[in-house]
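What follows is a short report on a single structure.
The values are calculated or read from the model by the stated rules, or taken from the named source; none is laboratory data. No experiment lies behind these values; they were computed from the predicted model shown. Note: ideal-geometry Cβ built from the backbone for every residue, glycine included; neighbour counts use all protein chains shown.
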Amino acid sequence: MNEEESFEGNKKDIKKEIWENVKYIGLGIIFAIVLNKGMGLILDTDLPIVAVMTSSMVHDSTTPYRHYQFLQENFNYSEDEINSWPIKNGFNPGDVLVIKGVPTEEIKVGDVIVFKHKDQPIPIIHRIVNIEDGYPYTKGDHNPVMDPDCKLFDKQIAGCWDRTEIKGKAVLWIPFLGIPKLILHNIITFIGGLV
């Protein structure tokens, strides 16, 4: 076998390997879509898997006053009561939550919900800290104040969140699984900022 034949054989192997990789990537994408749609049917939501993109639910050295003290002073919750809530230790950017669709009347204080509002295309993942007249008010555990829900104010003010829908509540937390999506999101955001 001469060099030319060896080179042609290597070219064919490389093409075959590239085709195999493209095929497996395509199958992976199809599998992910089918899995997402299937989980959506089972969990009764169109958003069954959500990657955490911000640090609004992180627990760190500020948690005693941003989370516990805020809830104790504003709603009279005890530390034991707060610690009994689901996902009591918060979560980080790059974590994944599995979401189950539930009727609004079944959610309760302490539940972590995923919702959308008019001015934000990315779903928000925050905790219900109060329910008044059946309406849940939310706050990120790491945030120093409640979410600026338009229902908190007597009149419409600039920057308030006009919630459009609750997608569901978190039923499972998986650390680190969403890191690839977080990295891709950050790259796209960075490139978008350059344009």
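Annotations
- Subset of the stretch 37-93 that is in contact with a helix residue (DSSP H, G or I) (Cβ under 9 Å, 6 or more places away or on another chain) and among the β-branched types (Val, Ile, Thr) - its residue that is nearest to Ile179 (Cα to Cα): Val52
- Qualifying residue in the stretch 125-141 (condition: more than 15 Å from Arg163 (Cβ to Cβ) and over 11 Å from the mean Cα position of the chain (by Cα)): yes
- Across the stretch 47-101, the number of residues qualifying as of a type in the set (Phe, Trp, Tyr) and surrounded by fewer than 18 Cβ atoms within 10 Å (Cβ to Cβ) comes to 3.
- Any strands (runs of 3 or more DSSP E) falling wholly within the stretch 29-131 and containing at least 2 residues that are under 27 Å from Ile157 (Cα atoms): 112-117
- Per the conditions (1) assigned to a helix (DSSP H, G or I); (2) touching a helix residue (DSSP H, G or I) at 6+ places or on another chain (Cβ under 7 Å), the sole criterion not satisfied by Phe190 is (2).
- Members of the stretch 132-169 that are among the polar types (S, T, N, Q) and either in a strand (DSSP E or B) or at pLDDT below 95 (or both): Thr138, Gln156, Thr164
- Candidate set: the stretch 147-195, residues that are among the aromatic types (Phe, Trp, Tyr) and farther than 25 Å from Ile99 by Cα; chosen: the one farthest from the chain's Cα centre (by Cα): Phe153
- Failed item in (1) on the phi < 0 side of the Ramachandran plot; (2) assigned to a loop (DSSP other than H, G, I, E, B), with Asn21 passing the rest: (2)
- Some residue of the stretch 113-127 being more than 18 Å from Thr54 (Cα to Cα) and hydrophobic (A, V, I, L, M, F, W, C): no
- In the stretch 166-195, the residues that are loosely packed, with under 13 Cβ neighbours inside 10 Å form Cβ pairs under 7 Å with partners that are of a type in the set (D, E, K, R) and modelled with pLDDT of 90 or more, at six or more places apart or across chains, as follows: Pro175/Asp95; Phe176/Asp95.
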